[in-house]
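Undergrad: Here it is, the structure in full.
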Amino acid sequence: MNIVERAAAGRPVNGPRIVLVGPMGVGKSTVGALLARQLRCGFRDTDDDIVAAQGRPIRDIFITEGEPRFREIEKRAVRFALAEHDGVLALGGGAVLDASTRALLIPYPVVHLDMDGEEAVRRAGLNTGRPLLAADSGPRRRWHELMEARRPLYAEVARATVATDGLGPDEVAQVVLRTLELTDV
């Protein structure tokens, strides 16, 4: 889809063709790369941007500087990616926590990839290698707490929600393309 077609379709002329949001382990990076290949465009993940810019894993940022500092770094990474990237963009699971980030997402075709708790256990294992799951209440309970807080925020920014439960990455990518009416590419 060229610039004129994007404008005629009510999509931003600049910026990502698709933005993926959703919980950790839902497959944003895997599905995003597949979508980019099918749309013949680039793929970018803001978590990867943060790791590259900081020169260390996200877990280390959480441990040494805390979640508030990480969220500031994340907010900046999302803002730059939205301004610079014109392909498929995947955001970290907590990027939607920031109100200014949610406001920036309004004009973009945002898709919320969703899954239930049992699927999360199967896919991500809910191991404590993920800093937000390392809680006294246990990773499974913590995942549910995070989703209770985040699911309304994902819904707020998304044009569509795609349930990924029981689907492979290729199937999810096809559902996203059909949902956004991008099947003619």
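Undergrad: Under the rule of at least 5 residues apart or a separate chain, name every residue whose amide H is placed under 5 Å from the amide H of residue 161.
TA: 112
Undergrad: For residue 87, what residues show an amide H to amide H distance below 5 Å, using hydrogens built from the backbone and excluding near sequence neighbours?
TA: For residue 87, whose amide H was placed from the backbone, the distant partners under 5 Å are 17, 42.
Undergrad: Across segment 153-161, in residue order, what do the Karplus-derived ³J(HN,Hα) couplings come to in whole Hz, using 6.51 cos²θ - 1.76 cosθ + 1.60 with θ = phi - 60° and x for Gly and Pro?
TA: 6, 4, 4, 4, 8, 8, 7, 8, 10
Computed from the coordinates by the stated procedures, all read-outs in this text should not be read as laboratory data. Since the structure is predicted, the reported quantities are computational estimates derived from the model, not experimental observations.
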